[in-house]
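Taking it in order: structure first as structure tokens, then the write-up.
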Amino acid sequence: MPRYDFSAQRLFVEGVLAARGEFELGQPQTHYLFSVLRMRLGDRILVFNGRDGEWLAEIRNASKRSAGLLVVEQIRKQESGPDIDYCFAPLKHARLDYMVQKAVEMGARRLIPVLTKRTQVSRLNLARMRANAIEAAEQCGILAVPEIMPEMSLSSYLAERSAARLLIFCDEEAEVADPIAALRDRKREPANAGAFALLIGPEGGFDPSEREALVAAENVLPISLGPRILRADTAAVAGLALLQAVLGDWNGAQPRTTMSP
């Protein structure tokens, strides 16, 4: 039996979800509910907020500007997957949208834009990034929406990061011939027991001074993503897949769950 009912409509909401609770949707989500999904009074939809699991809710009332939903029953408890920060040099709109969606699907918990010397985009629309993250979560049965962090310089990121979080630095010049073996070796170290960060650089690669700073930082693992040069959005998928397969929840471990209130 499939784990998810992919035919069911899903909606991300901000409010607390609990049995018999009621909440109102604003105009944008009301429009989406009735004009895009073509739902009607009495119809039911799956809702989630990233904290309380997934619930079945019934549309109880509606106007042009709002709709009222009644929370009926919990369908899934909240899952807590691997603690992965995805750090990336920002891209232009279409490719950034794609990258955000794929990072959500791949299980990233936080998205951290990191500005480097060769980054082509210096200002980001964080609201657009969040909208893309929510849409990906709604469409793919994901219960959590990653936190979208403000952009920061690479030097600031290195200064502020916790050395307890293993930073996997994807470097086309890395001498590591077998990234899977390198990750497995780090997995055996007690200090790397669950919190990771993956860093993908800009299209032109990292500046030599940036590479030196990364290699010199504590608890950093440079790895190669293979013999071919990848575009940054492709590298995001490849890097996150590699990380999830070796250190994350692709290795047979079941997703962790937390009880809803």
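The values are calculated or read from the model by the stated rules, or taken from the named source; none is laboratory data. These numbers come from a predicted model, not from an experiment. Positions of Cβ are backbone-derived with ideal geometry, glycine not excepted, and every protein chain shown enters the neighbour counts.
List of remarks:
- Qualifying position, being touching a Pro at 6+ places or on another chain (Cβ under 7 Å) and either under 30 Å from Ala19 (Cα atoms) or modelled with pLDDT of 95 or more (or both), among Ala57, Ala108, Ala67, Ala89: Ala108
- Residue match in segment 175-195 (condition: surrounded by 17 or more Cβ atoms within 10 Å (Cβ to Cβ), touching a Pro at 6+ places or on another chain (Cβ under 7 Å) and under 22 Å from Ala241 (Cα atoms)): no
- In segment 153-183, the residues that are closer than 23 Å to Gly50 by Cβ and more than 18 Å from the chain's Cα centre (by Cα): Ser162
- Scope segment 34-54; condition over 20 Å from Ala133 (Cβ atoms) and not basic (Lys, Arg); matching residues: Phe34, Ser35, Met39, Leu41, Gly42, Asp43
- Qualifying residue in segment 137-149 (condition: at pLDDT 95 or above, farther than 25 Å from Ile45 by Cα and not hydroxyl-bearing (Ser, Thr, Tyr)): yes
- Matching residues in segment 39-79 - criterion: being surrounded by 20 or more Cβ atoms within 10 Å (Cβ to Cβ) and either of a type in the set (Gly, Ala, Ser) or without any contact (Cβ under 8 Å) to a residue 12 or more places away in the chain (or both): Gly53, Ala57, Ala67
- Residues that are in contact with a Ser or Thr (Cβ under 9 Å, 6 or more places away or on another chain) and under 19 Å from Arg95 (Cα atoms), drawn from segment 128-158: Glu151
- Within segment 80-105, the set of residues being of a type outside the set (Gly, Ala, Ser) and surrounded by 21 or more Cβ atoms within 10 Å (Cβ to Cβ) comprises Ile84, Asp85, Tyr86, Cys87, Phe88, Pro90, Leu91, Leu96, Met99, Val100, Val104.
- Subset of segment 222-232 (residues that are buried (at least 19 other Cβ atoms within 10 Å of the Cβ) and either hydroxyl-bearing (Ser, Thr, Tyr) or modelled with pLDDT of 90 or more (or both)): Pro222, Ile223
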